[in-house]
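Notes for the one structure printed next.
The numbers here are math on the coordinates, done by the rules we state, and not lab data. The shown structure was predicted, so the numbers you read here are calculated from the model rather than taken from an experiment. Cβ: placed from backbone, ideal geometry, glycine included. Neighbour counts: every protein chain shown.
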Amino acid sequence: MLITRKELDFDFKGARFNLDDSSDRELLGWVLNQFLYGEVTGIQCGYWLYRAPSINAAIFLARQAEEELSHVKRILRIQSILGQKPAEPHRAIRFMATGMMGGTWGEHVAMEMAIGEGLVLSVFYALAQTIPDEKIGKILEFTLLDEERHVEFGEAETKAWLKRHPEDKSLLLSSALLQLLAMKRIKEVLMRKMQGAKREEWEVREHHPVLSQMDDFYDHVVWSFEQRIIRLGILDRPLSEVSFFQKAQILIKHPFLSLKAKWKGKFDQKLLTETYLQDEVVIRESQRVALEPVSREA
Ligand SMILES: [Fe+2]
Ligand SMILES: [Fe+2]
C-alpha cells in the first residue's frame with residue numbers, strides 16, 4: 001500500500017473500550033452500522049464487473065464482491081457479540097458510499113477503492129486496537145487482509161488511470177475534498193452520539209480512555225487521507241497550502257466535472273466483450289497454451 005499499516009495505525013496507547021459498559025457497546029454498535037451499510041455497497045462490484053476494463057480487473061471484482069458480502073456477515077457477527085442490532089446508517093455515510101458513486105472506472109478505483117476503503121482501513125485498525133475481545137479481534141484482522149488488497153488494487157489502478165487520463169485529476173481532487181467535508185460531518189455526529197450516551201461532553205473527552213483521543217485520531221485520519229491523495233498524484237501539495245478560495249474554486253467545478261465523467265463512462269467505455277481479444281490475459285494465455293503441453297488444469 002502507498003501508506004503502510006504502521007503509518008495508518010493511530011497509537012491509542014493501550015486504551016480500550018469497556019464492553020461491560022452499555023453506552024460503549026451502543027457507540028460501537030452505531031459505528032458498526034455505518035460499516036454494515038458500506039459492506040452492502042459491495043453490490044457495486046457487479047456494476048463495475050460489467051464495465052471492467054480488463055480480464056484481470058474483472059477477476060478481481062468478482063472475488064471482491066464475494067469478500068464484501070462475506071464482510072456483511074462478519075459485521076453482523078461482531079454486532080451480535082456486542083449485543084447490538086443492525087440499523088440505518090447516517091446520511092453522510094450513504095452520501096459517501098452511494099451518492100458519490102463514480103461515473104468512470106478511474107473515479108471508482110480512486111474514490112471508492114484507494115481513498116474510501118483506505119478510510120475504512122484506518123477505522124478498522126482503530127477498532128482492532130481498542131475492542132478488548134479476542135473473537136472480534138480475529139474477525140477484524142481477517143477482514144483487514146481483504147480490505148488491504150482492495151486498497152492496493154485501487155491505488156495501482158488509479159495511478160494507471162491518471163497516466164492515461166491526467167485531465168481527470170481535477171475531478172478526483174474535487175471528489176476528495178467533498179469526502180473530507182463528509183468525514184467532518186461524521187465526526188460531528190459521532191461527538192453528538194457520545195453526548196447522547198447520557199454523558200456530559202467534557203466528561204467523555206476528559207475521562208473516556210478511547211474517546212478522549214478522538215480529536216487526535218481524527219487529525220491522524222485526515223493526515224493519512226491527505227498523504228494518500230498526494231502519493232496517488234491527485235494533490236501536489238499539503239491541503240494547508242491550498243487556500244480557502246482555491247478549495248472553493250475546485251468544489252464549484254465538481255458538478256460539471258462529475259456530469260462530464262458520467263457521460264464519458266456511459267458512452268466512451270468499451271465492454272470486455274468488445275475488447276477481450278486485445279486483453280493481456282487473453283494474449284498471454286493463448287501463447288502459453290500454444291507453447292506448453294496440454295494438462296488437465298489448462
Ligand atoms: Fe469490506
Ligand atoms: Fe473492501
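Between L239 and D216, how high is the FRET efficiency from 1/(1 + (r/R0)^6) when r is the Cβ-Cβ distance and R₀ = 25 Å? Nearest 0.05. With R0 = 25 Å, the Cβ-Cβ based efficiency is 0.90.
For the pair the range 34-57 and the range 124-194, the centres of their Cα atoms are 15 angstrom apart. Each Lys or Arg adds one and each Asp or Glu takes one away; over the other residues whose Cβ falls under 13 Å from the Cβ of D133, this sums to +1. Against the longest alpha carbon principal axis of the chain, how many degrees, from 0 to 90 and to the nearest 10, is the axis of helix 117-130 turned? In the chain, helix 117-130 runs at an angle near 40 degrees to the longest axis. Couplings 3J(HN,Hα) for the range 157-162, derived from phi with the Karplus relation 6.51 cos²θ - 1.76 cosθ + 1.60 (θ = phi - 60°), are 5, 5, 4, 5, 5, 5 Hz, where x marks Gly and Pro. Once the chain from K184 to L259 is taken as fully extended at 0.36 nm per residue, the excess over their C-alpha distance is 24.5 nm.
The residue among G233, F267, I81 whose Cα reaches farthest toward the positive pole of the charge dipole of the chain, with charges on the beta-carbon of Lys, Arg, Asp and Glu, is F267. Beyond a 27 Å Cα-Cα separation, which of these cross-linked pairs lie in this structure: K138/K169; K73/K266; K73/K163; K85/K193? Listed pairs above 27 Å: K138/K169; K73/K266; K73/K163.
Available extension along the chain between R192 and R16 is 61.3 nm, counting 0.36 nm per residue and deducting the alpha carbon span. Under the combined filter of DSSP loop state and at most 15 neighbouring Cβ atoms within 10 Å, the range 116-190 retains none of its chymotrypsin sites (Phe, Trp or Tyr not before Pro).
Can you give me the angle between helix 22-40 and the longest principal axis of the chain, using Cα atoms only, in degrees from 0 to 90, rounded to the nearest 10? The angle comes out at about 10 degrees. Placing pseudo-labels 7 Å out from each Cα toward the beta carbon at S170 and R231 gives an inter-label distance of 2.8 nm.
Just add up the charged neighbours of Y276: K/R +1, D/E -1, any other residue whose Cβ is under 13 Å from the Cβ of Y276. So the environment of Y276 carries a net charge of -2. The residues packed around I78, meaning those with a beta-carbon under 9 Å from its beta-carbon, carry a net charge of +2 if Lys and Arg are +1 and Asp and Glu are -1.
Helical content of the chain, expressed as a calculated mean residue ellipticity at 222 nm, amounts to -22000 deg cm²/dmol (DSSP H runs of 4 or more residues, -39,500 (n - 2.57) each, divided by residue number, nearest 500). Label-to-label distance, D268 versus E152, with points set 7 angstrom from Cα along the beta-carbon direction: 3.0 nm.
The range 30-145 gives an Rg/Rh value of 0.98, both radii derived from C-alpha positions and Rh following Kirkwood.
For the chain, the residue among L19, L177, P209 whose Cα projects farthest onto the positive side of the dipole built from Cβ charges is L177.
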